[in-house]
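As structure tokens, the structure follows; a few thoughts come after it.
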Amino acid sequence: MPDLRQTLAILRSLQDLDRDLFRLQDELRRFPQEVLRKREKLRVEADKLAEVEKKVTGAKVRLKEIEDLTTSQRQRVRKLEHEAGEARADAALHVAFQHEIRTLKRDIGEAEEEGLGLLGEIEKLSLERTALQAVVAELEREFALYSANIDKETKQTMERAQAMERERKKRGTAELAPDILGQYEKLLASREGQAIAELDGRVCQGCYVAVPNNIYVRLARRTELVPCPSCGRILFLREA
């Protein structure tokens, strides 16, 4: 097994590599999250478009119902007007016809007002639909392009990470004592890819907390691995 100086040299060499490896692994975790975020943004706009489409369809269906109803009511009015003309001799019947004619004309007028309102609503919704269609089309284009780029970046990142893993094995991991390697890798996971830190001016460069003087003394002796009492990272002194 290597002495302490060699052990620290191996750990520092590993740290240089592992810092980049941790960053690549973080990117690999982030890529799918970014894809999901963009997909969710697209879904939200697509749902808005679908809701507007539903409103347009509903308004058009109601407008067609009004048109059909008023057409049949006008036909009924013409028929009643003809029958009223033939029933002038029967005053009571004539009055009944006139009452029904007025009622039908009032209903036709109300329906036409509703129809005009629906036409305005359809026009407004159509403009909104056109705008949303443009937004969705652009988001779909961006998402397709982004997904293709992410696939390419993911492949390249995985290749770099695998190359780093192979290089890592060459940098003395087999020479380290299992307990030291285990301690180092546990710190890598808990300290976001930085398991060791320089002690500079009595300040740990991992957490930027000043350490007691005895920590510096223990490091200077180079007889043991010394953790930072604040963050737990393995400390080292830069060689003169």
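The values are calculated or read from the model by the stated rules, or taken from the named source; none is laboratory data. Predicted, not measured: the structure shown is a model, and the values here were computed from it. When we count neighbours, we look across all protein chains shown, and the Cβ atoms used for this are built from the backbone with ideal geometry, even at glycine. The area values use the complete protein model at the heavy-atom level, side chains included, leaving out ligands, DNA and RNA. Shrake-Rupley method; radii C 1.70, N 1.55, O 1.52, S 1.80 Å.
Scanning the stretch 52-75 for residues that are open to solvent by less than 90 Å² (accessible area, probe 1.4 Å) and either among the aliphatic types (A, V, I, L, M) or closer than 30 Å to Glu138 by Cα (or both) turns up Val52, Glu53, Val56, Thr57, Gly58, Ala59, Val61, Leu63, Ile66, Leu69. Given the criteria in contact (Cβ under 8 Å) with a residue 12 or more places away in the chain and surrounded by 18 or more Cβ atoms within 10 Å (Cβ to Cβ), does Ala177 qualify? No; evaluated as a whole, the condition is false for this residue. Of all residues in the stretch 188-199, those being open to solvent by 70 Å² or more (accessible area, probe 1.4 Å) and in contact with a Lys or Arg (Cβ under 7 Å, 6 or more places away or on another chain) number 1.
For the stretch 1-54, filtering for residues that are among the charged types (D, E, K, R) and more than 31 Å from the chain's Cα centre (by Cα) leaves 4. Before we move on, is Leu63 hydrophobic (A, V, I, L, M, F, W, C) and within 24 Å of Gly206 (Cα to Cα)? Here the answer is no, as Leu63 does not meet what is asked. Against the conditions (1) part of a helix (DSSP H, G or I); (2) open to solvent by 60 Å² or more (accessible area, probe 1.4 Å); (3) modelled with pLDDT under 90, Leu21 satisfies every one except (2).
Out of the stretch 94-121, which residues are among the hydrophobic types (A, V, I, L, M, F, W, C) and either open to solvent by less than 70 Å² (accessible area, probe 1.4 Å) or outside any helix (DSSP H, G or I) (or both)? The answer is Ala96, Phe97, Ile101, Leu104, Ile108, Ala111, Leu118.
Of everything in the stretch 122-136, what is open to solvent by less than 40 Å² (accessible area, probe 1.4 Å) and of a type outside the set (Val, Ile, Thr)? Give them in sequence order.
Pass one, the stretch 122-136, residues open to solvent by less than 40 Å² (accessible area, probe 1.4 Å): 122, 125-126, 132, 136.
Scanning the stretch 122-136 gives Leu125, Ser126, Leu132.
Against the conditions (1) under 39 Å from the mean Cα position of the chain (by Cα); (2) open to solvent by less than 80 Å² (accessible area, probe 1.4 Å); (3) in contact (Cβ under 8 Å) with a residue 12 or more places away in the chain; (4) over 30 Å from Arg37 (Cβ atoms), Leu139 satisfies every one except (4).
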